[in-house]
Amino acid sequence: METTEMDAQTRPAPLHIGKPAWLKTPIPTGSTYFAIKKDLTQRKLPTVCEEAKCPNIGVCWNTRTATFMILGDTCTRACRFCHIKTGNPKGWLDTQEPEQVAQSAKGMNLAYIVLTMVNRDDLADGGAAHARQVIEAVRAGNPGIQVEFLAGDFQGHEAPLDTVLQSGLDVFAHNVETVQRLTPRVRDARAHYAQSLQVLDRVKKKAPALFTKSAIMLGLGETREEIRETLQDLRAVDVDLITIGQYMRPTKQHLAIKEWVHPDIFAEIKQEALDLGFVAVASGPLVRSSYKAAEFFAQAQLVREGKR
């Protein structure tokens, strides 16, 4: 198999060429979608669904699944693929956020919630204590709920990870985003490939029973061999769950798309990941890190218990 280029079924994606048919999604609509949007707006709760322009927002919201973004809507980093605004919050925190998120989860009757965060390098602990408060409030207000937390790297510091792990998570997620060679071009200079692997490794060693999860984007110029190496690196630190999706350029100021990766290639990569030992793999053009998170978690539990 050729390893120096993406498969021949991938296609270059000049800016003037529209998305391929497999990436087109309907405009979000439906009473449940608009009810959730109204509730989140009233509570002034940002979601990564909106901030990152997720193509699955209509599907997820209409099945009462949403990913809440905590610690504000301003990230201290400036990754070149991300649509979330960047700046310096100067230590600002919304003290009402833990209760607001908990109440919104209850109002949506969620059995599974995904919490993600902006990077907060302006805070000594990277926002870990606040994140723990949010998670604990969600658990207290929603008995039996399962919680997935998509965390930043906390600059590689160990103490913030300890703080977060004391909150009683079900899934700890942290995304490497891309292959090692492309990391300096794709991610903020403070986000290192090795550091992300170290975060995932530390979490698994501290909490072996906890599911760990990561995600990578395709279409940024990576090769099949580099994808395989990234998957191997993640398995080397015992990551359980992996999501693999197509990078989609949020604006003309962000990184250009190098390739539209065909669904057949995503299917091949999924099988490679399963062969490497991942407990569960979601791989497809529209897959995002929180893609069908509750279903993904349930599948992983069945695999771990030997029931699937």
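Taking label positions 7 Å along the Cα-Cβ direction at both ALA21 and ARG235, the computed distance is 3.4 nm, reported to one decimal. Cβ crowding within 10 Å, taken as a proxy for footprinting-reagent exposure, orders THR178, THR163 from fewest neighbours to most as THR163, THR178. In this simple spin-label model, placing a label point 7 Å from the Cα along the Cα-to-Cβ direction at both ALA159 and GLU225 gives a separation of 4.4 nm.
The H on the amide N of TYR112, modeled in the peptide plane, is under 5 Å from the matching H of GLN146, each at least 5 residues off or on a different chain.
Each Cα pair under 8 Å and six or more residues apart adds its separation to the average, and for region 94-170 the resulting relative contact order is 40 percent. Applying a DSSP loop filter and a limit of 16 other Cβ atoms within 10 Å to the GluC sites (Glu not before Pro) in region 254-308 leaves GLU305.
Placing pseudo-labels 7 Å out from each Cα toward the beta carbon at THR95 and LEU274 gives an inter-label distance of 5.1 nm.
Evaluating 6.51 cos²θ - 1.76 cosθ + 1.60 at θ = phi - 60° for every residue in region 128-141, the Karplus couplings come out as 4, 5, 5, 4, 4, 4, 5, 4, 5, 5, 4, 5, 5, x Hz, glycine and proline recorded as x.
At a Förster radius of 30 Å, what calculated FRET efficiency corresponds to the Cβ-Cβ distance of ALA267 and GLN301, to the nearest 0.05? Given R0 = 30 Å and the Cβ-Cβ separation, E is 0.80.
Restricting attention to region 151-250, close to 0% of DSSP beta bridges with both partner residues there are antiparallel.
No value in this document is a laboratory result; all are computed from the given coordinates. None of these values were measured; they are calculated from a predicted model. Cβ: placed from backbone, ideal geometry, glycine included. Neighbour counts: every protein chain shown.
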